[in-house]
Amino acid sequence: MIACPKCDALHYLPHVEIGEKAQCVRCGTVLMAPKEGAMTQIVMLSATALVLMIAAVFFPFLELSTHGLGNKTSVFDAILAFSHGLMLPLSFAVAALIVVLPMTRFIAQIYVFAPMALGWAPAPQAGKVFRLAERIRPWAMAEVFIIGVAVALVKVAGLAQVTLGPAFWAFVGLVIITILKDSFMCRVTVWQTLNARSPS
């Protein structure tokens, strides 16, 4: 049986064909929605997100200029800016929430889905790795970061000239790809596939 993630109503696990949906009888929340080629799409989008994350960290994020003075900065520079004294824990938190955890999740999803997308048996410990990826999902805050930056830019734009760098657009692309990737994923179907293909 499976429980609805919104209202906790219990349902017997249905058999759902690709392209169909199973909804909660109480609140209408989609419980299962398997899609054709979803695993391949998740692998490709995760790999793309991984490349964009690397670019977003090390490429110039934005440039501020005022009164003839300018300064370029990257996400990596922002992390290092807090790496002294009492601000060191903040540096670790920023690095973990914005960079390390999202990258860990992308790598974990590639590890879990790539073999199954090729029709192979799941990789060793794939279930544990997928469970880890799901547990860190609320803490992978690249999307929250870019929203916070956008809000801050509205205030800073009145004080200085702001030029957005390639890393900013890489982060925007990363957010869009992450949303698309999660929309392809049917977690109940993933667990069914892992259980069905795992060696007994």
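The values are calculated or read from the model by the stated rules, or taken from the named source; none is laboratory data. Here the structure is a predicted model, which is why all the values come from computation and not from measurement. All Cβ positions, glycine included, derive from the backbone under ideal geometry; neighbour counts span all protein chains shown. Side chains included, ligands, DNA and RNA excluded: accessible areas come from the protein's heavy atoms. Shrake-Rupley method; radii C 1.70, N 1.55, O 1.52, S 1.80 Å.
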For LYS35 the rounded accessible area (nearest 10 Å², probe 1.4 Å, non-protein molecules ignored) is 90
Expected field for TYR111, accessible surface area in Å² at 1.4 Å probe radius, rounded to 10, holds 90
If one compares the long axis through the Cα atoms of helix 38-58 with the longest principal axis of the Cα atoms of the chain, the angle in degrees, nearest 10, works out at 20
Once the in-chain neighbours fewer than 8 apart are removed, the lysines whose Cα is under 22 Å from LYS181 read LYS6, LYS21, LYS35, LYS128
Within the set ALA157, ALA170, ALA38, GNM on the chain using Cα springs under 10 Å gives the largest fluctuation to ALA157
Taking Cα atoms only, helix 101-117 is inclined relative to the longest principal axis of the chain by an angle, in degrees rounded to 10, of 30
For HIS11, HIS67, the accessible-area ranking with a 1.4 Å probe, largest leading, is HIS67, HIS11
Per the charge dipole of the stretch 67-177 (beta-carbon charges, Lys/Arg positive, Asp/Glu negative, Cα centre), the residue among ILE107, LEU88, ALA160 reaching farthest to the positive end is ILE107
Tilt, helix 166-184 to longest principal axis of the chain (alpha-carbon atoms), in degrees rounded to tens, equals 10
In Å², rounded to a whole number, the accessible area per residue of the chain with probe 1.4 Å is 59
In whole Hz, the Karplus estimates of ³J(HN,Hα) for the stretch 125-138 (6.51, -1.76, 1.60; θ = phi - 60°; x where Gly or Pro) are 6, 4, x, 5, 5, 5, 4, 4, 4, 6, 5, 8, 4, x
Yeah, the chain with a ≥ b ≥ c from its alpha-carbon gyration tensor (a/c under 1.5 is rounded, else prolate when a/b outruns b/c, oblate otherwise) is prolate
With all protein chains present and a 1.4 Å probe, the order of ASP77, ASP182 from largest accessible area down is ASP77, ASP182
Highest GNM mean-square fluctuation among PRO60, PRO89, PRO122, for the chain with Cα springs under 10 Å, belongs to PRO89
Heavy-atom accessible area of the chain with neighbours in place, 1.4 angstrom probe: carbon+sulfur share in percent works out to 68
GNM of the chain, Cα pairs under 10 angstrom: of GLY70, GLY28, GLY85, the biggest fluctuation goes to GLY85
Taking only protein heavy atoms and a 1.4 Å probe, the highest-to-lowest accessible-area order of VAL175, VAL51, VAL30 is VAL51, VAL30, VAL175
Per the helix-only model, the chain has a calculated mean residue ellipticity at 222 nm (DSSP H runs of ≥4, -39500 (n - 2.57) each, divided over all residues, rounded to the nearest 500) of -17500 deg cm²/dmol
Under a 1.4 Å probe, counting only protein heavy atoms, THR29 has an accessible area in Å², nearest 10, of 30
